[in-house]
Amino acid sequence: MRTEARRERVLATATGRPEAAGVVTNALSPAGAAPGLETVSTNPSLRLAVVVAIAIAGLSWDLWTKQEVFRQLGHPGFHPIWKGQLLGVSIRFQLETAFNHGALWGIGQGRTWLFAALSFVAITAIGYFLWNRQAISSRWLTTVTGLLLAGTLGNLYDRLGLHGWTDERGKAVYAVRDFLDFYFFNDSFHWATFNFADTYLVVGAAMLVVHSFWSQPDAGKPDRTV
């Protein structure tokens, strides 16, 4: 400690600027950042605002597209969009309205309430990780959290029947509205019909997998790599 203090006094005397020693000390600190820079780059309030912005924008787009497509095409409804080849693969893209009473790729049909309950669990988990700041410890995880929150809320809205659709008997439909439809390889392979909320969930999950392969920062140090 005495050696460090002596070094700071020498630096201050040599430069004629007493504050120079403090700047050098900060530059050699474990964070390795200039004063104030780390506070700005890891501002939890700012990152929380980004999560909320992504979630609101994603949810709004998901609900609006569902509403417009189902309003214009009805259910069942169909509208061709594009057919051609991409990188030598034949693709046909269309809008086709459908209700999914299960999860992604039609898993667990007829178990809407189970997946609605799991959605509440997921939202609670996201809230917890936001509270302890793990979900916003990096820009990458901040984006992931916003996408997962938007996707979960978008499909939960439908599973609760808030879209207002009813069946032929006049009973509320508790199911997710899907409309994005792809066929590949001269229609020999049909990708499951989906919506934008599903896209957010798949992209967010993929980003989490990618993140899991990164080397983790030292304990106690914030992740500033992304």
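The values are calculated or read from the model by the stated rules, or taken from the named source; none is laboratory data. No experiment lies behind these values; they were computed from the predicted model shown. Every residue, glycine as well, gets a Cβ built from its backbone with ideal geometry; the counts of neighbours run over all protein chains shown.
Observations
- Residue in region 186-207 that is nearest to the chain's Cα centre (by Cα), counting only those that are at negative phi and part of a loop (DSSP other than H, G, I, E, B): 195
- Residue 174 modelled with pLDDT of 95 or more, farther than 20 Å from residue 74 by Cα and either charged (D, E, K, R) or not in a helix (DSSP H, G or I) (or both): no
- Listed by first and then second residue, the pairs with beta-carbon distance under 7 Å, at least 6 apart or on different chains, first residue in region 107-131 and under 27 Å from residue 173 (Cβ atoms) and in contact (Cβ under 8 Å) with a residue 12 or more places away in the chain, second outside any helix (DSSP H, G or I) and hydroxyl-bearing (Ser, Thr, Tyr), are 112/174.
- Taken over region 132-171, the criterion of being free of Cβ contacts under 8 Å to residues at least 60 places away in the same chain and farther than 22 Å from residue 64 by Cα is satisfied by 132, 134, 168, 169, 170, 171.
- Hits in region 58-77 - residues which are among the small types (Gly, Ala, Ser), touching a residue at least 24 places away in the same chain (Cβ under 8 Å) and within 14 Å of residue 173 (Cβ to Cβ): none
- Count - residues of region 165-191 that are surrounded by fewer than 21 Cβ atoms within 10 Å (Cβ to Cβ) and in contact with a strand residue (DSSP E or B) (Cβ under 8 Å, 6 or more places away or on another chain): 14
- Residue within region 101-112 that is of a type outside the set (A, V, I, L, M), loosely packed, with under 13 Cβ neighbours inside 10 Å, over 24 Å from the mean Cα position of the chain (by Cα) and assigned by TED's automatic domain parsing to the domain that holds residue 149 present: yes
- Taken over region 121-153, the residue count meeting the criterion of being over 12 Å from the mean Cα position of the chain (by Cα) and part of a helix (DSSP H, G or I) is 11.
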